[in-house]
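Asker: Below is a structure I'd like to ask you about.
Values quoted throughout were computed directly from the atomic coordinates according to the rules given, and no laboratory measurement underlies them. Keep in mind it's a predicted model, so treat the numbers as computed, not measured. For neighbour counting, all protein chains shown are included, and Cβ atoms are generated from backbone atoms with ideal geometry for every residue, glycine included.
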Amino acid sequence: MKQIILGFALLLIASLQPAFAQKTNVSGKFNQSLKSYYALKNALATDKSEEAPKLALALQKAVKDVPHQGFSGAEQHVLWMKESALIQQKAAELALSKDLESQRKSFGSISTSFIKLAQELKLNDQPVFVQYCPMGKFSWLNEVKEIQNPYYGSQMYDCGTVKDTLEKN
């Protein structure tokens, strides 16, 4: 009897390992895409319109690299498919833009999608700060608590407030 229970336990553990490995891979790739998002946000916050297109393409690739089959549950999978498609579309749009105004407009849609993903998926391995600029009514994610406004850059670099902190998971 003990051998049967032990065999069953080992079989159960073996069957759970691939799911755990997939979730770990999804989490790691999601965090890489989040870092790409931050790089783009930082370029816009410091008015680097010439860097933004290549960073948008890097973000697009990082989002494509997240393995969508490793999410826990159908709701997370559907959310990822919807929001990641929007992020990739707007990143491609931003990559074709040369002026900060249109880059920032595309970034707004990217941020809206990334905020939804970060809040719902809870995969971030570091704290994430949801920040908000009351002047333009824009939100974005930041890797540090200090405000770095990507929508106004040097005009109003520190305009905004921290609306939420997503603790690391």
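Asker: By the scheme Lys and Arg +1, Asp and Glu -1, what is the net charge of all other residues having a beta-carbon under 9 Å from that of Phe107?
Answerer: After counting each charged neighbour, the total is +4.
Asker: Hey, another quick one. Quick check: the angle from helix 52-64's long axis to the longest principal axis of the chain, C-alpha only, nearest 10 degrees?
Answerer: The answer is roughly 20 degrees.
Asker: Using only DSSP helix segments of four residues or longer, with each worth -39500 (n - 2.57), what per-residue ellipticity at 222 nm results for the chain after dividing by its residue count and rounding to 500?
Answerer: The helix contribution divided over the chain gives -21000 deg cm²/dmol.
Asker: Additional query: Round to the nearest 10 and give me the degree value, 0 to 90, for the angle of helix 2-45's Cα axis relative to the longest principal axis of the chain.
Answerer: Helix 2-45 sits at roughly 10 degrees to that axis.
Asker: Over all distinct Cα pairs, what is the inverse of the mean 1/r for the chain, reported as the Kirkwood hydrodynamic radius in Å?
Answerer: About 16.9 Å, per the Kirkwood formula over Cα pairs.
Asker: Assuming 0.692 mPa s and 37 °C, estimate D for segment 64-134 with Stokes-Einstein, Rh taken as the Kirkwood radius over Cα pairs, in µm²/s. It would help to have the intermediate numbers written out before the result.
Answerer: Details: Rh = 13.3 Å.
Answer from the Stokes-Einstein relation: 246 µm²/s.
Asker: Report, to the nearest 10°, how far helix 74-95 tilts away from the longest principal axis of the Cα atoms in the chain, using its own Cα long axis and a range of 0 to 90°.
Answerer: Computed tilt is about 30 degrees.
Asker: Name the trypsin sites (Lys or Arg not before Pro) in segment 45-113 that are in a loop by DSSP and that have at most 10 other C-beta atoms within 10 Å, would you?
Answerer: Qualifying residues, ordered by number: Lys98.
Asker: Further, regarding this structure: Using alpha-carbon positions, what is the distance between the centroids of segment 26-56 and segment 110-166, in Å?
Answerer: One Cα centre to the other: 13 Å.
Asker: Near Lys163, which aspartates and glutamates are there with a Cα under 20 Å away, not counting those fewer than 8 places off in the same chain?
Answerer: In chain and number order, the partners are Glu120, Asp125, Glu143, Glu146.
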